[in-house]
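A.B. asks: Structure in structure tokens, see below.
The values are calculated or read from the model by the stated rules, or taken from the named source; none is laboratory data. Since we're looking at a predicted model, the values are computed, not measured. Here the Cβ is made from the backbone with ideal geometry for all residues, glycine too, and neighbour counts use every protein chain on show. With ligands, DNA and RNA removed, areas are computed over all heavy atoms of the protein, side chains included. Shrake-Rupley method; radii C 1.70, N 1.55, O 1.52, S 1.80 Å.
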Amino acid sequence: MTDLARFSINQMTVKQLSLPELVDACRDLGVPGVGLWREPVQAYGLDAAAKLVRDAGLAVTTLCRGGFLTATDPAERAAALADNRRAVDEAATLGTDTLVLVSGGLPAGSRDLRGARERIADALVELGPYAEENGVRLAIEPLHPMFASDRCVVSTLSQALDIAERFPAHQVGVTVDTYHIWWDDTAPAQIARAGAQGRIHTFQLADWTTPLPEGVLNGRGQIGDGAIDMREWQDHVEAAGYTGPIEVELFNDELWARDGRELLAETAARFVEHTRQGA
């Protein structure tokens, strides 16, 4: 496999692999980077996971995920802030400078989207400086509007940047994920807006395939199988100045039912086929 210098595999894409199996497969295939998830890292042991990837020479491109900052109950908000501080600590231990934030949906019974977004900004007043002290950047990820009620009230890059711009770029930026923004004809201009401020903290790929599965969460298609032009979006982020890793993050039950090493090899090959790596 060639031309993988910027490729990173998000752990969720091949979640059927244990962390040691993932590290071994990345080493065998020449995959240079991984995006890790907190739950499997915690299950393996944070310090042990950090040593495992470090000894293998793998770069940890992101940690997923922090966020869920929209609660109105004081105890729930305090718990969310504490959990996000732990997430920052974990990112620093793993050696990544980017913690991805999925902001959270509407509290039960609420219809106040604007208020929920303001509570995210309020939380970042505390979390942004804490992240900076630990050498970590917070990357707000807008999710497709179908997730606005239950998972993420931030649905567009414009909304994400409206929050992020209240803070220094080295504290808070955005995640650009093709799956969530490909439908939005204002997204290219917002990518340029983010790039001009140095706020593109990570770039992720997943394809849009239909029909979506029941529950929709696990509908992220293998790159090349759907409607999204990956090269076009790569061109947008690179025109905006982004030169960092390109991470493939898939949630897909059919892919998870396959052999994990074979899936990783296929994903690496699709990356080479459908991006302008080395550009």
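A.B. asks: Which of the numbered conditions does Arg27 fail, given that it passes all the others? Conditions: (1) out of contact with any Gly (no Cβ under 8 Å at 6 or more places or on another chain); (2) open to solvent by 10 Å² or more (accessible area, probe 1.4 Å).
C.D. replies: With respect to (1) out of contact with any Gly (no Cβ under 8 Å at 6 or more places or on another chain); (2) open to solvent by 10 Å² or more (accessible area, probe 1.4 Å), Arg27 is out only on (1).
A.B. asks: For the range 257-279, which residues satisfy the criterion of being open to solvent by 20 Å² or more (accessible area, probe 1.4 Å) and in a loop (DSSP other than H, G, I, E, B)?
C.D. replies: Ala257, Arg258, Asp259, Arg276, Gln277, Gly278, Ala279
A.B. asks: Determine whether Leu17 is of a type in the set (A, V, I, L, M), in contact with a helix residue (DSSP H, G or I) (Cβ under 6 Å, 6 or more places away or on another chain) and not in a helix (DSSP H, G or I).
C.D. replies: Criteria met by Leu17.
A.B. asks: Is it fair to say Asp184 is surrounded by 20 or more Cβ atoms within 10 Å (Cβ to Cβ) and acidic (Asp, Glu)?
C.D. replies: Taking the combined requirement at face value, the residue does not satisfy it.
A.B. asks: Still on this structure, please answer the following. Sort through Val14, Val41 and tell me the only one that's within 24 Å of Gly221 (Cα to Cα), buried (at least 21 other Cβ atoms within 10 Å of the Cβ) and not small (Gly, Ala, Ser).
C.D. replies: Val14
A.B. asks: Another question, if that's okay. If you go through the range 203-216, how many residues are part of a loop (DSSP other than H, G, I, E, B) and touching a residue at least 40 places away in the same chain (Cβ under 8 Å)?
C.D. replies: Within the range 203-216, residues that are part of a loop (DSSP other than H, G, I, E, B) and touching a residue at least 40 places away in the same chain (Cβ under 8 Å) number 3.
A.B. asks: Inside the range 85-125, can you point out the residues that are acidic (Asp, Glu) and farther than 30 Å from Val34 by Cα?
C.D. replies: Within the range 85-125, Asp112, Glu118, Asp122 qualify.
A.B. asks: Provide a single number: the residues in the range 43-64 that are at negative phi and free of Cβ contacts under 8 Å to residues at least 40 places away in the same chain.
C.D. replies: Qualifying residue count for the region: 10.
A.B. asks: Shifting gears a bit: Pick from the range 202-256 the residues that are buried (at least 22 other Cβ atoms within 10 Å of the Cβ) and of a type in the set (Asp, Glu): which of them is farthest from the chain's Cα centre (by Cα)?
C.D. replies: Within the range 202-256, the match that is farthest from the chain's Cα centre (by Cα) is Asp207.
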